[in-house]
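Below is one structure, written out as C-alpha cells; the observations come after it.
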Amino acid sequence: MNKLLRSNVSCLLKKLSEHTEIYASTEEDGVCILAKLDNYEEWTMNYVRTANSVKDVFFPQNEEIMKYKDASSDLKIEAPKPFKERIAFGVRPCDAAAMLLLDDVFLKGEFYDSYYKERREKGTIITIACEKPDQHCFCTSFDLSPGATEGSDIVLYPTEDFFLVVEVTEKGKKLIKDNAELFEDIGAKPEIVDSYKNMRTVLGDVCIPNDLNEKLKGEFDNSYWKKIARRCLGCGNCTFVCPTCHCFAVCDVARGCDGKRARTWDSCKFQDFFLMAGDHNPRPTQIERTRQRFMHKLNYFKEKYDKYQCIGCGRCVEKCPVGVHIADVITHMKEEL
Ligand code: SF4
Ligand code: SF4
C-alpha cells in the first residue's frame with residue numbers, strides 16, 4: 001500500500017494539471033465546493049460534503065450541445081470541441097458511488113449520452129474517505145460506508161499527516177505509477193482502511209426493507225404525499241444538489257436563423273417540467289411532483305436497475321429549507337406499510 005503526504009497533494013495536482021483539468025474541493029466565501037482549480041494550494045479538506053457533488057464534473061448544470069448556422073439552404077451543425085481529460089479530487093465515497101447510478105442512466109441500454117460518455121472516459125475520480133460523517137449522512141443504509149471504494153479510481157484514507165492510498169481501478173493504478181515520486185510504498189496497512197469501512201454514519205442506519213419498492217407500488221394515493229407536499233416550496237434545491245438526480249431540459253437559443261442548442265438541469269419539483277402541448281399538466285400540484293420524486297428514487301429506479309436511486313449523501317436532508325427529505329420518507333413508509 002502507498003502513502004501520500006498531505007503536503008504533497010498540491011504538488012500532485014499541479015503536476016496532473018499539465019495535461020488534465022483539475023476539479024478539487026475548495027472553499028469560496030466559507031462554502032466548500034468541488035470546482036475547477038487554477039491555484040493548487042487552494043484545495044481543502046474542511047468539509048463533510050461539498051455543496052455540489054461530483055455530478056457537476058461529468059454532467060454540468062449547463063452545456064452547449066451544438067451550434068447551428070442556417071445559410072438558408074445549407075444548414076451547418078457544429079459539435080462541441082472534444083473534452084479535456086479531467087480529474088475530480090476530494091470526492092466523497094457516497095458521491096463516487098452515485099456516478100455508477102448515473103452510468104446506468106446515461107450509458108446503459110440501447111442509447112447512450114455521448115457528452116456524458118466522453119467525460120466519463122476521460123475522467124478520473126480521486127476520493128477522500130470521510131473522517132467524520134455528520135448528522136445528515138446515511139450512506140451505510142445503502143451498503144456503502146465512509147471508506148467505500150465503489151465508483152472511485154483511487155481512495156485516499158486520511159491519517160494524521162498522510163493519506164493511505166488504495167488504487168481501485170487500472171486508471172488509478174496508472175496515475176500512481178506515473179507519479180511514483182510523490183507516493184511511498186509502506187506495505188500493508190489494511191486495519192486503517194477497515195476502520196473507515198466499518199464506521200457507521202451518524203443519522204443511523206435508515207433501515208430499508210428489501211421490498212420497499214414492492215410495497216410502494218400500491219401507495220400512489222397515500223395521504224402522506226399530500227402531507228409532506230403541503231410544505232414543499234418547489235425550489236428544486238433537493239434535486240439540484242442530489243448527485244443521482246439527472247433530469248434535464250434542452251432548449252435552442254436562436255439569433256435569426258443561427259443559434260445554439262443547450263441543455264440545462266431541470267427538476268421534477270418544477271411545475272413547467274411536466275407541462276405538455278395544449279397546456280396539459282399531468283402533475284399539476286406539488287403533491288404529484290413530491291410523490292414522483294420519491295417514487296422515482298424508491299420504486300421506479302429500483303424496478304428498472306435493481307438499485308435505489310439514493311446513496312445517502314444527506315444533501316437533500318441538509319439543504320431542504322422546510323425539512324422534506326428522503327430519510328424521513330423511508331422511515332415513515334417503513335413504519336406505515
Ligand atoms: S436523495 Fe438526498 S440523500 Fe439521497 S443521494 Fe439524493 S441528495 Fe443524497
Ligand atoms: S428542497 Fe425541499 S422545499 Fe425545495 S423542492 Fe425540495 S422538497 Fe421542496
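The values are calculated or read from the model by the stated rules, or taken from the named source; none is laboratory data. Small disclaimer: the values here were computed from a predicted structure and weren't measured. With ideal geometry, Cβ positions are generated from the backbone for all residues, glycine too; neighbour counts draw on all protein chains shown.
Considering only residues of the stretch 133-181 that are hydroxyl-bearing (S, T, Y) and in contact with a strand residue (DSSP E or B) (Cβ under 6 Å, 6 or more places away or on another chain), which is farthest from L13 (Cα to Cα)?
Filtering first and then ranking leaves T149.
What number of residues within the stretch 250-282 are out of contact with any strand residue (DSSP E or B) (no Cβ under 6 Å at 6 or more places or on another chain) and not in a strand (DSSP E or B)?
17
Yes or no: Q292 surrounded by fewer than 21 Cβ atoms within 10 Å (Cβ to Cβ) and within 14 Å of ligand 1 (Cβ to nearest atom)?
Considered against the rule, which asks whether it is surrounded by fewer than 21 Cβ atoms within 10 Å (Cβ to Cβ) and within 14 Å of ligand 1 (Cβ to nearest atom), Q292 comes out as yes.
Quick one: what pairs do we get from the stretch 116-137, first residue among the basic types (K, R), second crowded, with 22+ Cβ neighbours inside 10 Å and at pLDDT 95 or above, C-beta under 6 Å, 6+ apart or different chains?
Short answer, once both residue conditions are applied: R119/F58; R120/F58.
From the list L102, L75, L37, exactly one residue is surrounded by 19 or more Cβ atoms within 10 Å (Cβ to Cβ) and either within 28 Å of V253 (Cα to Cα) or of a type in the set (S, T, N, Q) (or both). Which is it?
Result: L102 is the single residue among L102, L75, L37 that is surrounded by 19 or more Cβ atoms within 10 Å (Cβ to Cβ) and either within 28 Å of V253 (Cα to Cα) or of a type in the set (S, T, N, Q) (or both).
Which condition number does Q61 fail, the rest of (1) among the polar types (S, T, N, Q); (2) in contact (Cβ under 8 Å) with a residue 60 or more places away in the chain; (3) under 19 Å from V168 (Cα atoms) being met?
That leaves (3) as the condition not met.
Identify, from the list E219, E318, E214, the residue that is more than 9 Å from ligand 2 (Cβ to nearest atom) and in contact with a His (Cβ under 6 Å, 6 or more places away or on another chain).
Checking each option against the conditions leaves just E318.
Would you mind stating whether I287 is outside any loop (DSSP other than H, G, I, E, B), hydrophobic (A, V, I, L, M, F, W, C) and within 14 Å of ligand 2 (Cβ to nearest atom)?
Against the criterion (outside any loop (DSSP other than H, G, I, E, B), hydrophobic (A, V, I, L, M, F, W, C) and within 14 Å of ligand 2 (Cβ to nearest atom)), I287 qualifies.
If K189 passes every condition in (1) surrounded by 13 or more Cβ atoms within 10 Å (Cβ to Cβ); (2) under 30 Å from L298 (Cα atoms); (3) out of contact with any Gly (no Cβ under 7 Å at 6 or more places or on another chain) but one, which one does it miss?
(2)
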